[in-house]
There are 2 protein chains.
Amino acid sequence: MSRRPRIVFIGAGNVATHLAQAFYRAGYPIAAVCSRTRASAGTLAEKVKAPFTNRLHELPAADVYIIAVNDDAIARVARHPFPAQALVLHTSGGTGLDVLKQHSKRGVLYPLQTFSRAHSVDMKQVPFCIEAGSPQALSLLRRLALSVSGNIHRVSSQQRQVLHLAAVFACNFSNHLYAIADELLSASKLPFRLLEPLIAETARKAIEEGPARSQTGPAIRKDHQVMKKHLQLLSNKKELQRLYRLMSRSIMEQRA
Amino acid sequence: MSRRPRIVFIGAGNVATHLAQAFYRAGYPIAAVCSRTRASAGTLAEKVKAPFTNRLHELPAADVYIIAVNDDAIARVARHPFPAQALVLHTSGGTGLDVLKQHSKRGVLYPLQTFSRAHSVDMKQVPFCIEAGSPQALSLLRRLALSVSGNIHRVSSQQRQVLHLAAVFACNFSNHLYAIADELLSASKLPFRLLEPLIAETARKAIEEGPARSQTGPAIRKDHQVMKKHLQLLSNKKELQRLYRLMSRSIMEQRA
């Protein structure tokens, strides 16, 4: 194929927005954007100079259809009769390739990153996990992925589920711990920014030295006196006490 | 006082090592290093060109004594009769100023950072939380702190305890979540480095945009289908299932 494949985006959320812009910047024509709400479809469509619609049956013919919608909506979209020769992809960490089985050319393009609407991400660094239903589909999928990122990994549906689960622990749950810390500080009139060098250094150490090796704090030292004091400080916050106990026990077991 | 105060370090762990080196580089003479094990005292003493001992009563006269030992050992060291005119400090987040009450010039110098033996930290960025027992002690303490860091905060003993607790959530517990993610990936033959851009971006977003505002993932979306799948993946890991449920519920409540 000498010309750039034409891509349709279904979905206009954070993942669709960052991916569509990355492909657009890499020179791919975006044939259309489709989203349930016309307004969000329009917002993304404007950024990538594409027409938009809120109806699947109005979509133009294209070479690639990228379904970037919430997990519980993928199956419904996948039942649409996309053109037989087209590559149909979804972008979800938590959904198998099978959901696309009615399409002969199918694949998954899962960008392992947390995207926010406001902030742009260096897409070249984002790990893209790919999986395809055939060698032909894999070949085109790999070419697509390599044109936006230098960090491509072939990953099975089962591995991708584990990756997604691990990402929930490392990203969503860690971020929630930051939010809990922020709340504790606010209640004592202390600014969250006091913790910023610590948060940055903790992430750096885990990345450069490995998380198990870089653990510090009262639990890994088995400093029961400090842990007892912390539990007393949380005496009117039963849920946080439970979380503190569970995490500390898990850290102490890790060492053993 | 025109000459630089002479400093004695009691303790030779990570905090003592990083602090002693910072003061040494800032031009303070280190009068001695004291640690229960002579070997570790000697290692630190060599780095800061100081004599060393494992006995408190062998310590030379100095202007400042910095007690940087484990929390449960501070009280014992604090009972030592340091010279009456000397400033006696400890460096602990979890211990009050009161533990030093027998010393008329007393204070706390708490560096809010996670230190590892191998890696040097940019001390100028580290938040130093200070507290003192008198205006005179505060004045010298502030001068000491400012000569190693540009990030000084006056914090009460009660606030410092909350800071320490918040740091356990934001640092030790987050790091443990990274370790759990690492374990999950290893079991599926996936490398931890796949998560590195995500971990770095999650920390960046929390710092720049605030953690509550930047939450993503299945819990904040109330995507029960994905959470159910994740719990199934953890079906032979009851402790992780419990942690997953607790964290997800806490995230869902945060939104409400």
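For the reader, a short list of remarks on this structure follows.
- Test: residue in the range A:149-159 that is more than 7 Å from chain B (Cβ to nearest Cβ), more than 24 Å from B:L234 (Cα to Cα) and more than 18 Å from the chain's Cα centre (by Cα): no
Here is a yes/no grid of residues against (1) touching a Cys at 6+ places or on another chain (Cβ under 6 Å); (2) within 30 Å of B:H224 (Cβ to Cβ); (3) modelled with pLDDT of 95 or more:
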site	(1), (2), (3)
A:A39	no, yes, no
A:A45	no, no, yes
A:A50	no, no, yes
A:N54	no, yes, yes
A:A62	no, no, yes
A:Y65	no, yes, yes
A:A68	no, yes, yes
A:D71	no, yes, no
A:R76	no, yes, yes
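- Taking the criterion of being within 21 Å of B:K222 (Cα to Cα) and in contact with a strand residue (DSSP E or B) (Cβ under 7 Å, 6 or more places away or on another chain), the residues of the range A:69-110 that qualify are A:V69, A:I74, A:V77, A:H90, A:T91, A:S92, A:G93, A:Y110.
- Tally of residues being assigned to a loop (DSSP other than H, G, I, E, B), in contact with a strand residue (DSSP E or B) (Cβ under 8 Å, 6 or more places away or on another chain) and charged (D, E, K, R) across the range B:118-156: 0
- Filter result for A:E183 (within 7 Å of another protein chain (Cβ to nearest Cβ), part of a helix (DSSP H, G or I) and either farther than 30 Å from B:K189 by Cβ or in contact with a Lys or Arg (Cβ under 9 Å, 6 or more places away or on another chain) (or both)): no
- Complete set of residues in the range B:112-139 that are among the small types (G, A, S) and either within 14 Å of chain A (Cβ to nearest Cβ) or crowded, with 17+ Cβ neighbours inside 10 Å (or both): B:S116, B:A118, B:S120, B:A132, B:G133, B:A137
- Test: residue in the range B:140-148 that is within 11 Å of chain A (Cβ to nearest Cβ) and within 29 Å of B:D63 (Cα to Cα): no
- B:C171 meets each of the listed conditions (1) without any contact (Cβ under 8 Å) to a residue 24 or more places away in the chain; (2) in contact with a Ser or Thr (Cβ under 9 Å, 6 or more places away or on another chain); (3) at the interface with chain A (Cβ under 7 Å from one of its Cβ atoms); (4) of a type in the set (A, V, I, L, M, F, W, C) apart from (1).
- Of all residues in the range A:42-98, those satisfying the criterion of being of a type in the set (A, V, I, L, M, F, W, C) and in a helix (DSSP H, G or I) are A:L44, A:A45, A:L56, A:A73, A:I74, A:A75, A:V77, A:A78, A:L97.
- Any chance B:H164 is at the interface with chain A (Cβ under 7 Å from one of its Cβ atoms), part of a helix (DSSP H, G or I) and either surrounded by fewer than 24 Cβ atoms within 10 Å (Cβ to Cβ) or out of contact with any strand residue (DSSP E or B) (no Cβ under 9 Å at 6 or more places or on another chain) (or both): no
- Extreme residue, farthest from the chain's Cα centre (by Cα), among residues of the range A:186-208 that are part of a helix (DSSP H, G or I) and over 22 Å from B:S116 (Cα atoms): A:A187
- Matching option when the condition is surrounded by fewer than 23 Cβ atoms within 10 Å (Cβ to Cβ) and either within 7 Å of another protein chain (Cβ to nearest Cβ) or under 15 Å from A:L177 (Cα atoms) (or both), among B:A206, B:A212: B:A212
- Per the listing A:L246, A:L231, A:L240, the residue uniquely farther than 24 Å from B:P111 by Cβ, within 7 Å of chain B (Cβ to nearest Cβ) and either touching a helix residue (DSSP H, G or I) at 6+ places or on another chain (Cβ under 7 Å) or not in a helix (DSSP H, G or I) (or both) is A:L246.
- Test result for A:K238, among the basic types (K, R) and under 20 Å from B:S250 (Cβ atoms): yes
- Hey, A:V155 in contact with a helix residue (DSSP H, G or I) (Cβ under 8 Å, 6 or more places away or on another chain), over 25 Å from B:Y178 (Cα atoms), surrounded by 22 or more Cβ atoms within 10 Å (Cβ to Cβ) and in contact (Cβ under 8 Å) with a residue 40 or more places away in the chain or not: no
- Any hit, the range A:209-217, residues being more than 30 Å from A:L112 (Cβ to Cβ), in a helix (DSSP H, G or I) and modelled with pLDDT under 95: no
The values are calculated or read from the model by the stated rules, or taken from the named source; none is laboratory data. Because the structure is a prediction, the values reported are computed rather than measured. Cβ atoms come from the backbone with ideal geometry, glycine included; neighbour counts cover every protein chain shown.
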